[in-house]
Amino acid sequence: MSLDRAHALELLRSMMRIRRLEERAAELYQAEKIRGFLHLYIGQEAVAAGVIAALQPGDPVVATYREHGHALLRGISADAVMAEMFGKAGGCSGGRGGSMHLFCTGARLYGGNAIVGGGLPIAAGLALGDKMQGRADVTAVFFGEGSAAEGTFSESLNLAALWKLPVLFVCENNLYAMGTALSRSQSQTDVCVKARAQGVPAESVDGMDVVAVEEAARRVVARVRGGGGPSFLELHTYRFRAHSMFDPELYRPKAEVEAWRKRDPIVRFVARLRDEGLLDDETLRGIEEGAAAEIEAAVAFAEESPWEDPATLERHLYAEPVTP
Amino acid sequence: MSTTRRITYREAVREALREALQRDPRVFLMGEDVGAYGGCFAVSKGLLAEFGEERIRDTPLSEAAFVGAGIGAALAGMRPIVEVMTVNFALLALDQIVNNAALLRHMSGGQLGVPLVIRMATGPGRQLAAQHSHSLEGWLAHIPGLKVAVPATLEDARGMLAAALADPDPVLLFESIRLYPTAGDLAVDAGAVPLEGAAVRRPGRDVSLVTYGGALPRVLEAAGQLAGRGVEAEVLDLRCLRPLDTHAILASVTKTRRAVVIDEGWRSGSLAAEVSARIMENAFYELDAPVARVCSLEVPVPYARHLEEATLPTVERIVAAVEEMGIGHG
C-alpha cells in the first residue's frame, strides 16, 4: 500500500507523542512525582495509533489500565493526563482516578478500567445503547490477551455476536498477563480461536506495524459500521518495559525483550518512511521536538496545578449530594 | 372518593414496568427469562408481546455481561432496567456493580453517571434453599455510589421504579420473594413515590421496631400482638438502605426510647448492626434499654419448610425481644 505523506506523518506523530509521554512518566515515577501503579505502553504504540486512526470522533473507546496513549490520541490533553497522574486538581478526574482511570465524556473515552476484562461488557452495552438509538457508532474496546481467560471475554463476545452489536474487540496480545505467559495460563493460546468460538470473526495482525494495524482496523470497522456485527482483531505486540513500575521482570528472558526491541514500531516506521522518501531529518526532528514540547508543557502544568481540596472529596459520588 | 383495587405485589411491579416502558422510549428491560418465559417470578409476563424483543430482552446466562451491558447502555444514554433473578446470582455480576456502576462517577471526577436500575429478588420463604434465598442487600448498601431501595408495600412496589429510573445514579431495587404473591388494596391512581426516606407504617409510643422489606408484614403482625398486651410499638420501614434515613430512625427512637431492629440478613455485619450503631452514636442518652436485634440465624437458608422458617425473624422472636426490654408487664 502506498502511503499518503501527511497521513503517515500523523501516524508517526501519534506514536511519538505516546512514547514521549510514557518515557517522561517513567522518569517522573522515579522522581516520585507519580505514585501508585503505573503501567507503561512503550512498544505498543502502533496499536493505539493505528486503531484510533480508523475510528470516527464519536465512536466510544473503552480501554484498560494501560490507557495513557489511548486517552491522548482520543483528545484528552496531555496536561489533563499528566496532572491526573500527579494526582492534581487539573487532572481529568481531579486526582481521584490516577493513571489507571482516565475518562472523557466529550471524547467518549470510557476507561481506564483496572479490572482485567471488566471493560468488555461495558463496550457491549455502549454498542447496544448506540444501536438502539439509531446511531452508527462503533465501540472499540482494547484489552490484553490475559482477558481471554476471564469469563467476561466469552460472555461479552457471545452477547455482542448474539445481538449483532457494533463492537470492535481489539486484543493487544503482548504475550504476558502481568508476569504470566499466555502458554502458562491458557489452554488455548490462539485468542482468535476463542473469539471465533463465540461467533465473532477474528483476524491476527502484526501489532508492531502501524500501517498494517490501521489497514486492518479500517477494513474491519467498515464492516462493523455497516451492520455486520462485532469483529475481533488480535494485534501481536510487546511491551518493552515491565508490567508496572513494581515489576522486577523475572519472568522473561532479556534476549526476548531485545529481539522484540528490534521491531520497535517507531524505529521501523521511521526507516520505512525514509526509504520511501517521505521523511527527512528536519521533519523528523520537528515531530520529535513537537512531542517533547507538548509533554514538557504538560509536566509544567501538572507541577503548577494545585492539589484538589480534600473538602471536595465527597463530590462526584452521586449526581446530587447524598447523606449516606 | 378514593378508588382502590385489589392487586398483588407482583402485579404492582409489572404495572410499574409497563408504565415506565410506555412513558420513556429509552427504557428497556433485560435479564434472564424476562421475555419468552415471562419472568422467573412471572413479573414481566405479557410485556414481550406488548413491547417486542427490542425492549424486552432475554439475555444469556451471563450476569457479568448483561449487568455490564446495562452500565454501558446507560452511559450511552439509555435507561436500562436489568433484572437479575436473585441476589445470589448477582454475585456473578458483583464486579460490574461494585467496580463500575458504583465507582465510575467518582473515578471520573463527575464526568460519567450511570443511570441504571437493577432489580432482583431477595430473601427466603419459598423453600429454594441456600443458593436462592439469601438476603444480601445489606452488603450492597455498604457501597458508596449505589442507592439501595427495598419496596415492602404495594405503594412502593408500584411507585419506586419510576423514582429509580428518574435517578441519575445506579439504583438497586430488592423485591422480596415472599412478597410477590401478597395482595392488598392499592389506589387506582397510585404512581411514583420517593425512593429515599423511611416511613412510619404504624405509629406507637413504647418501642420502635425498625425494619425493611420482606420482614415488614411479620413486624406489623408482632406490633398487633403487642398492642393486645398494652404495648404500642411504632413500626418504621426504612425503605431505602443507602442512603439510610438516620433522621427518621432517631426521631422514632427519641420518642419511644427503645428500639428493636429486625433484619432478614445475618446478624454479623448486618444492616441491623449499622442501624444499631447509629442509634448508639446519636441517641444513647435517650435510651431506656439497649438496642436489640432480631436477625436471621447465621446458617445458610435450609430447604425444609420448618427449618427455613426457624432461621427467620419470626413474630414470636420479635415479640420476645420487646418483652425482654421490660415493657408490657404493667
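The values are calculated or read from the model by the stated rules, or taken from the named source; none is laboratory data. Keep in mind the model is a prediction, meaning the values are calculated, not measured. In this analysis, Cβ positions are derived from the backbone assuming ideal geometry, glycine residues included, and neighbour counts consider all displayed protein chains. Remember, those area values only see protein heavy atoms, side chains included, never the ligands or the DNA or RNA. Shrake-Rupley method; radii C 1.70, N 1.55, O 1.52, S 1.80 Å.
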Worksheet item: Residues of segment A:186-200 being open to solvent by less than 40 Å² (accessible area, probe 1.4 Å) and away from chain B (no Cβ under 14 Å), which ones?
Response: A:Q186, A:V191, A:C192, A:A195
Discussion item. Consider segment B:225-244. How many of its residues are in contact with an Asp or Glu (Cβ under 7 Å, 6 or more places away or on another chain) and more than 14 Å from chain A (Cβ to nearest Cβ)?
Written reply: 4
Practice prompt. Identify all residues within segment B:59-69 that are facing another protein chain (nearest Cβ under 7 Å), over 20 Å from B:P168 (Cα atoms) and of a type in the set (A, V, I, L, M, F, W, C); write none if there are none.
Written response: B:A64, B:A65
Practice prompt. Just one of (1) on the phi < 0 side of the Ramachandran plot; (2) part of a helix (DSSP H, G or I); (3) surrounded by fewer than 17 Cβ atoms within 10 Å (Cβ to Cβ) trips up A:G227, so point out which.
Written response: (1)
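Run down B:G204, B:G228, B:G184, B:G213 and say which single residue is without any contact (Cβ under 8 Å) to a residue 12 or more places away in the chain and among the small types (G, A, S).
Values: B:G204 fails: without any contact (Cβ under 8 Å) to a residue 12 or more places away in the chain; B:G184 fails: without any contact (Cβ under 8 Å) to a residue 12 or more places away in the chain; B:G213 fails: without any contact (Cβ under 8 Å) to a residue 12 or more places away in the chain.
Only one candidate passes the filter, namely B:G228.
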Discussion item. For segment B:139-151, give me each residue that is away from chain A (no Cβ under 14 Å) and open to solvent by 10 Å² or more (accessible area, probe 1.4 Å).
Written reply: B:W139
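Filter segment A:105-119 for residues that are surrounded by 22 or more Cβ atoms within 10 Å (Cβ to Cβ) and at the interface with chain B (Cβ under 7 Å from one of its Cβ atoms); which is farthest from the chain's Cα centre (by Cα)?
Checked segment A:105-119; the qualifying residue farthest from the chain's Cα centre (by Cα) is A:G118.
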Worksheet entry | Members of segment A:152-185 that are under 27 Å from A:G58 (Cα atoms), more than 10 Å from chain B (Cβ to nearest Cβ), open to solvent by 20 Å² or more (accessible area, probe 1.4 Å) and not basic (K, R) | A:A161
Worksheet item: Restricting the search to segment B:245-272, which residues are open to solvent by 10 Å² or more (accessible area, probe 1.4 Å) and either within 14 Å of chain A (Cβ to nearest Cβ) or among the small types (G, A, S) (or both)?
Response: B:D245, B:T246, B:H247, B:A248, B:L250, B:A251, B:S268, B:G269, B:S270, B:L271
Worksheet item: Which of (1) at pLDDT below 95; (2) over 28 Å from B:L91 (Cα atoms); (3) in contact with a helix residue (DSSP H, G or I) (Cβ under 7 Å, 6 or more places away or on another chain) is the odd one out, the single condition A:L55 does not satisfy?
Response: (1)
Fill in: Candidates A:S77, A:S93, A:S147, filtered to the one that is within 11 Å of another protein chain (Cβ to nearest Cβ) and hydroxyl-bearing (S, T, Y)
A:S93
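Return yes or no: is B:G72 within 14 Å of chain A (Cβ to nearest Cβ), farther than 23 Å from B:E137 by Cβ and surrounded by fewer than 20 Cβ atoms within 10 Å (Cβ to Cβ)? Step through it out loud before you land on a result.
Details: within 14 Å of chain A (Cβ to nearest Cβ): yes; farther than 23 Å from B:E137 by Cβ: yes; surrounded by fewer than 20 Cβ atoms within 10 Å (Cβ to Cβ): no.
In short, no.
So, A:A149, is that one open to solvent by 10 Å² or more (accessible area, probe 1.4 Å), among the aliphatic types (A, V, I, L, M) and more than 29 Å from A:A212 (Cα to Cα) or not?
Values: open to solvent by 10 Å² or more (accessible area, probe 1.4 Å): yes; among the aliphatic types (A, V, I, L, M): yes; more than 29 Å from A:A212 (Cα to Cα): no.
In short, no.
Of all residues in segment B:16-61, count the ones that are acidic (D, E) and surrounded by 21 or more Cβ atoms within 10 Å (Cβ to Cβ). Lay out the reasoning, then the answer.
Going through segment B:16-61, the residues acidic (D, E) turn out to be B:19, B:24, B:32-33, B:50, B:53-54, B:58.
Among the residues that remain, those that are also surrounded by 21 or more Cβ atoms within 10 Å (Cβ to Cβ) are: none.
Counting residues in segment B:16-61 that are acidic (D, E) and surrounded by 21 or more Cβ atoms within 10 Å (Cβ to Cβ) gives 0.
Would you mind stating whether B:E15 is part of a loop (DSSP other than H, G, I, E, B) and in contact with a strand residue (DSSP E or B) (Cβ under 9 Å, 6 or more places away or on another chain)? Steps first, answer last, please.
On the way: part of a loop (DSSP other than H, G, I, E, B): no; in contact with a strand residue (DSSP E or B) (Cβ under 9 Å, 6 or more places away or on another chain): yes.
No.
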Discussion item. Please go through segment B:75-112 and give me each residue that is touching a strand residue (DSSP E or B) at 6+ places or on another chain (Cβ under 8 Å), open to solvent by 30 Å² or more (accessible area, probe 1.4 Å) and at the interface with chain A (Cβ under 9 Å from one of its Cβ atoms), ordered by number.
Written reply: B:Q111
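Just checking, which of B:G265, B:G328 is at pLDDT below 95 and in contact with a Leu (Cβ under 7 Å, 6 or more places away or on another chain)?
Sole residue among the options that is at pLDDT below 95 and in contact with a Leu (Cβ under 7 Å, 6 or more places away or on another chain): B:G328.
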Discussion item. With the requirement that a residue be of a type in the set (F, W, Y) and within 11 Å of the chain's Cα centre (by Cα), what does segment A:9-52 give you?
Written reply: A:Y41
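Given A:A259, A:A302, A:A311, A:A291, which one is part of a helix (DSSP H, G or I) and either within 14 Å of another protein chain (Cβ to nearest Cβ) or within 30 Å of B:P170 (Cα to Cα) (or both)? Step through it out loud before you land on a result.
Values: A:A259 fails: either within 14 Å of another protein chain (Cβ to nearest Cβ) or within 30 Å of B:P170 (Cα to Cα) (or both); A:A302 fails: either within 14 Å of another protein chain (Cβ to nearest Cβ) or within 30 Å of B:P170 (Cα to Cα) (or both); A:A291 fails: either within 14 Å of another protein chain (Cβ to nearest Cβ) or within 30 Å of B:P170 (Cα to Cα) (or both).
Of the residues listed, the single one that is part of a helix (DSSP H, G or I) and either within 14 Å of another protein chain (Cβ to nearest Cβ) or within 30 Å of B:P170 (Cα to Cα) (or both) is A:A311.
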Worksheet item: Looking at (1) more than 7 Å from chain B (Cβ to nearest Cβ); (2) crowded, with 24+ Cβ neighbours inside 10 Å, which is the one condition that is false for A:D130?
Response: (1)
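Can you tell me which residue is nearest to A:C104 (Cα to Cα) among those in segment A:62-74 that are within 14 Å of chain B (Cβ to nearest Cβ) and within 9 Å of the chain's Cα centre (by Cα)? Break it down stepwise before answering.
At the first step, the residues of segment A:62-74 found to be within 14 Å of chain B (Cβ to nearest Cβ) are A:62-65, A:67, A:71, A:74.
Applying the additional criterion that residues be within 9 Å of the chain's Cα centre (by Cα) yields A:62-65, A:67, A:71.
Numbers: A:V62: 11, A:A63: 12, A:T64: 14, A:Y65: 15, A:E67: 12, A:A71: 8 Å.
Filtering segment A:62-74 for residues that are within 14 Å of chain B (Cβ to nearest Cβ) and within 9 Å of the chain's Cα centre (by Cα), the one nearest to A:C104 (Cα to Cα) comes out as A:A71.
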Worksheet, complete the sentence: For A:E45, the lone unmet condition from (1) crowded, with 24+ Cβ neighbours inside 10 Å; (2) closer than 28 Å to B:G31 by Cβ; (3) more than 7 Å from chain B (Cβ to nearest Cβ) is (2)
Worksheet item: How about segment B:177-189: which of its residues are open to solvent by less than 20 Å² (accessible area, probe 1.4 Å) and assigned to a loop (DSSP other than H, G, I, E, B)?
Response: B:I177, B:L179, B:Y180
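Does A:V141 fit the bill of being in contact (Cβ under 8 Å) with a residue 12 or more places away in the chain, open to solvent by less than 10 Å² (accessible area, probe 1.4 Å) and more than 7 Å from chain B (Cβ to nearest Cβ)?
Yes.
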